[in-house]
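J.: One structure, pasted below without further comment.
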Amino acid sequence: AQEEDGQAVIDLKTVTNSLYESVPFEKVWKDENGNAVTTGYIDLDVTVTFQLQVSDETGSWEDAGTYFDNHLTEGEQAAIAGAVTGGDTDSPFTKTVTGKIYNTGWSGSFGNLPRVIRSDGESKNLTYRVVETQVSYNGTTQTLTLGEDGKYVLAGEGKLVTGAEFAADRRRAAPLVA
């Protein structure tokens, strides 16, 4: 602290505020005993689709594209979709990952997401999460839907995903699949 004109002055480092945030996600494949799969458990290419979801003060979750369509003008929607990083090229609020389940590429992040939007003359604080929506392998597809109780409902022919858990904190989610 320094003193100027009898007053203590503290020189702080630069403070940066942002109206944008990033939402990381990670998938952990688990075996029947609940242990992370780290070796050649199954030698199949598996494709997982992750979906960014958003909620405002209402507490209801919607796919980000649907939410922004319902609350913003076309120009505002396009600006957000164009700024978001981490999603697929043709669908900025979705990320599709393909690989072996024992590989380490099952994580990512959606970036440049607005913390607040203005809709119908009101500011809306936004919260995000990432959920799994689909697992495909060997010509088979399973659909995952996250229920209100926080548990996944599984549909489809596949049996690779036999149980799924959803783990989330305030802004991000990490689905765990057994």
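The values are calculated or read from the model by the stated rules, or taken from the named source; none is laboratory data. Keep in mind the model is a prediction, meaning the values are calculated, not measured. Cβ placement follows ideal geometry from the backbone for every residue including glycine, while neighbour counts extend to all protein chains displayed. Heavy atoms of the whole protein, side chains included, go into the accessibility calculation; ligands, DNA and RNA do not. Shrake-Rupley method; radii C 1.70, N 1.55, O 1.52, S 1.80 Å.
J.: Across the range 66-81, what is the total count of residues that are within 17 Å of the chain's Cα centre (by Cα) and open to solvent by 40 Å² or more (accessible area, probe 1.4 Å)?
T.: Let us first name the residues in the range 66-81 that are within 17 Å of the chain's Cα centre (by Cα), namely 66-68, 80-81.
Of the ones still in play, those that are also open to solvent by 40 Å² or more (accessible area, probe 1.4 Å) are 66.
Total meeting the criteria: 1.
J.: Of the residues Thr66, Thr58, Thr47, Thr73, which is out of contact with any Gly (no Cβ under 7 Å at 6 or more places or on another chain), hydroxyl-bearing (Ser, Thr, Tyr) and within 20 Å of Ser107 (Cα to Cα)?
T.: Working: Thr66 fails: within 20 Å of Ser107 (Cα to Cα); Thr58 fails: within 20 Å of Ser107 (Cα to Cα); Thr73 fails: within 20 Å of Ser107 (Cα to Cα).
None of the other options fit; the residue is Thr47.
J.: Collect the residues in the range 125-178 that are among the acidic types (Asp, Glu) and at pLDDT below 85, keeping them in residue-number order. Let's see the steps before the verdict.
T.: Step one: of the range 125-178, the residues among the acidic types (Asp, Glu) are 132, 148-149, 157, 165, 169.
Answer for the range 125-178, where residues must be among the acidic types (Asp, Glu) and at pLDDT below 85: Glu148, Asp149, Glu157, Glu165, Asp169.
J.: Okay, next question. I want to confirm something. Restricting to the range 98-140 and keeping residues that are of a type in the set (Lys, Arg) and part of a loop (DSSP other than H, G, I, E, B), which single residue is nearest to Asp88 (Cα to Cα)? Break it down stepwise before answering.
T.: Here is the first cut: in the range 98-140, the residues of a type in the set (Lys, Arg) are 100, 115, 118, 124, 129.
Filter once more, keeping what is part of a loop (DSSP other than H, G, I, E, B): 100, 115.
Details: Lys100: 19, Arg115: 21 Å.
Once the filter is applied, the top-ranked residue is Lys100.
J.: Only one of (1) modelled with pLDDT of 80 or more; (2) at negative phi fails for Gly59. Which number is that?
T.: Going through the list (1) modelled with pLDDT of 80 or more; (2) at negative phi, Gly59 breaks only (2).
J.: Let me ask something additional. Six or more apart or on different chains, Cβ under 6 Å: which pairs go from a residue in the range 110-127 that's more than 14 Å from Ala79 (Cα to Cα) and open to solvent by 30 Å² or more (accessible area, probe 1.4 Å) to one that's in a strand (DSSP E or B) and acidic (Asp, Glu)? Could you list them?
T.: Qualifying pairs under 6 Å: Arg115/Glu21.
J.: State the number of residues belonging to the range 93-106 that are at pLDDT 90 or above and open to solvent by 30 Å² or more (accessible area, probe 1.4 Å). Can you show your working first?
T.: In the first step, residues of the range 93-106 are kept if they are at pLDDT 90 or above; the result is 93-98.
Subset that is open to solvent by 30 Å² or more (accessible area, probe 1.4 Å): 95-96, 98.
Qualifying residue count, the range 93-106: 3.
J.: Whether any residue in the range 1-16 is under 21 Å from the mean Cα position of the chain (by Cα) and not aromatic (Phe, Trp, Tyr) is what I want to check. Give the steps one after another, and end with the answer.
T.: Going residue by residue through the range 1-16, those that are under 21 Å from the mean Cα position of the chain (by Cα) are none.
There is no residue in the range 1-16 that is under 21 Å from the mean Cα position of the chain (by Cα) and not aromatic (Phe, Trp, Tyr).
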